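The structure appears right after this line, and notes come after that.
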Amino acid sequence: MSTSTTRPLLKKVIEPIEQFVRAEAFSGILLMAVTVLALAWANSPWAEAYTATWNIPFTIGFGEFAISKPILLWINDGLMAIFFFVVGLEIKREILTGELASVRNAAFPVIAAIGGMVVPALIFAFLNYGQPGISGWGIPMATDIAFALGILTLLGNRVPLSLKLFLVTFAIVDDIGAVLVIALFYTSDINLLSLWIGIGVFGILLILSAMKSRLMWVYVILGIIMWVAFLKSGVHATVAGILLAMAIPARSKISERDFIASTNNVLTDLEQLQIKTRALEPEDDDEMQGHFQDAVHTIEANCEEALSPLRRLEHSLHAWVAFIIMPIFALSNAGIIINAGMMENFTEPVVIGIILGLTLGKPVGIMLFTWLASVTGLAVKPPTISWLHILGAGLLGGIGFTMSIFIANLAFTSAEMLASAKLGILAASLVAGTIGYLLLRLSNNRPSPKV
């Protein structure tokens with residue numbers, strides 16, 4: 001493949017990831033601030049207001065067709081479905097055109113993600129075997145990509161771009177694992193009728209996608225119906241967000257060649273009109289301005305057809321998720337009441353399992369699995385990152401936060417056990433993030449010798 005062909009393909013893969021990193025990084029910094037605010041609010045003289053605010057009932061619909069839930073559950077079941085929808089769009093894009101599209105490029109971070117999920121889950125299960133908290137085994141498997149990238153941003157050029165791409169890719173695979181765990185293991189009693197309705201709607205969405213339908217309002221309406229069906233089925237409603245994302249068309253309506261040719265023709269015509277305009281009388285300016293506006297509308301229409309629905313939705317929703325939905329989730333879920341008896345909870349198996357799973361299991365799992373893959377030739381470590389970089393990224397992977405808290409909400413019905421789990425998540429995320437930051441800050445960009 002020639003250099004001239006390789007560069008556009010490389011740019012096509014790298015640019016969306018760089019945009020993703022910038023947005024997620026700022027989101028992570030915002031999440032840190034909101035988490036501090038939630039903790040301050042929950043431990044202030046207005047602590048009762050914090051609890052009462054998220055338990056205010058909110059109803060949508062009327063009569064028998066109404067859904068009534070506390071605001072907290074609307075956030076966890078509703079807003080987080082939008083979060084998972086955007087996650088699904090990112091996963092689909094990565095599989096089709098990103099790092100996960102190439103087996104060679106994907107092998108190393110995919111194996112890292114598997115190690116980063118398996119080892120923490122085993123540590124937690126070992127410490128909680130036969131205990132009431134065993135249902136929380138999925139909590140330390142998760143990685144909060146926003147927090148992790150926020151810390152990487154603070155490091156600036158001390159870490160190579162390839163490390164950021166590695167972290168993004170293994171965190172996305174981590175998200176896939178978390179979605180599967182939620183769908184398969186964290187469900188209540190199944191209502192088969194509602195489940196089949198949800199599956200049927202998903203089938204209709206797939207048919208629309210195969211027909212290359214671009215009527216987004218149809219996808220939105222069917223997506224809402226599927227969300228309600230899954231909500232009533234016992235399978236967690238956020239799964240509907242992932243399934244809807246999988247049905248969104250990822251192909252442009254026109255090819256790159258047609259877009260370039262059509263746009264070039266319009267620009268050529270505009271240039272010729274501009275030349276003619278110089279020789280026209282002033283009263284003819286309005287007519288030429290009309291031609292100019294028509295040309296702009298044509299280019300706008302070309303851009304609309306050239307941009308796939310997947311890219312358009314991901315671009316338009318990402319800011320809402322990163323800067324509104326995730327901070328609201330953090331504000332409503334991260335408020336833990338800290339008191340003198342809180343230290344006693346650190347001896348509970350659930351807390352120990354989460355802390356060791358995230359701070360020890362994540363980096364050990366990522367390092368062990370990637371080292372074995374390198375030694376056996378199953379995958380190749382990128383030459384621009386060192387094993388110290390990978391260890392640091394593994395520690396940042398131990399920042400579970402958003403996804404870990406989300407899984408904890410599904411795993412535990414006991415308020416006391418949920419509070420303990422959140423304590424473990426926050427403590428582990430703080431420790432893992434701090435050590436990971438310091439380790440990467442002290443590291444350099446020189447690659448280590450090949451294994």
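The values are calculated or read from the model by the stated rules, or taken from the named source; none is laboratory data. Note that the structure is a prediction, hence the values are computed from the model and not measured. Here the Cβ is made from the backbone with ideal geometry for all residues, glycine too, and neighbour counts use every protein chain on show. With ligands, DNA and RNA removed, areas are computed over all heavy atoms of the protein, side chains included. Shrake-Rupley method; radii C 1.70, N 1.55, O 1.52, S 1.80 Å.
Pairs to check: K69/K164; K92/K164; K92/K381; K69/K253; K232/K362. Give those whose C-alpha atoms are more than 30 Å from each other in this structure.
K69/K164; K69/K253; K232/K362
Compute the normalised compactness of segment 88-132: alpha-carbon radius of gyration over 2.2 N^0.38 Å, N being the residue count.
Ratio of Rg to 2.2 N^0.38 Å for segment 88-132: 1.63.
If you take the charge dipole of the chain about its Cα centre, with +1 on Lys and Arg Cβ and -1 on Asp and Glu Cβ, which of L184, T370, N157 is farthest toward its positive end?
T370
Would you calculate, for the chain, the mean residue ellipticity at 222 nm contributed by helices, counting each DSSP H stretch of 4 or more residues as -39,500 (n - 2.57) and dividing by all residues, to the nearest 500?
Taken over the chain, the calculation gives -23000 deg cm²/dmol.
Using 0.36 nm per residue of separation minus the Cα-Cα distance, give me the extension gain between T53 and R257 in nm, one decimal.
Value of the extension gain: 68.0 nm.
Accessible area per residue for the chain in Å², computed with a 1.4 Å probe and the full protein assembly in place, what is it?
49
Keeping all protein chains in the complex and leaving out DNA, RNA and ligands, what accessible area do you get for T238 with a 1.4 Å probe, in Å² to the nearest 10?
0
Apply the membrane-span-like helix rule to the chain: whole DSSP H runs, Cα extent along the own long axis of at least 18 Å, mean Kyte-Doolittle hydropathy at least -1.0. List the helices found.
Those that clear 18 Å and a mean of -1.0 are 3-42, 80-97, 103-128, 161-185, 192-210, 216-233, 256-277, 285-306, 362-376, 415-442.
What percent does the relative contact order of the chain come to when contacts are Cα pairs within less than 8 Å and at least six residues apart?
28
Ordering H315, H236, H389, H297 from largest to smallest accessible area (1.4 angstrom probe), what's the sequence?
Greatest to least solvent exposure: H315, H297, H236, H389.
At a probe radius of 1.4 Å, what is the per-residue accessible area of K253, in Å² to the nearest 10?
130
Ignoring ligands, DNA and RNA, what percent of the 1.4 Å accessible area of the chain is carbon and sulfur?
68
Rounded to the nearest 10 Å², what accessible area does V34 show when all protein chains are kept and the probe is 1.4 Å?
20
In square nanometres, what is one fourth of the surface area of the convex hull spanned by the alpha carbons of the chain?
That works out to 28.5 nm², a quarter of the Cα hull's surface.
What is the dipole size for the chain, taken about its Cα centre, with +1 at each Lys and Arg Cβ and -1 at each Asp and Glu Cβ, in debye to the nearest 20?
1720
Pick out, from I405, I207, V350, the residue whose Cα sits farthest towards the positive end of the charge dipole of the chain, with +1 on the Cβ of Lys and Arg and -1 on the Cβ of Asp and Glu.
Farthest towards the positive pole: V350.
Tell me whether segment 64-177 comes out rounded, prolate or oblate; compute the Cα gyration tensor, take square roots of the eigenvalues as a ≥ b ≥ c, and use a/c under 1.5 as the rounded threshold.
Oblate, because a/c is 1.5 or more while a/b does not exceed b/c.
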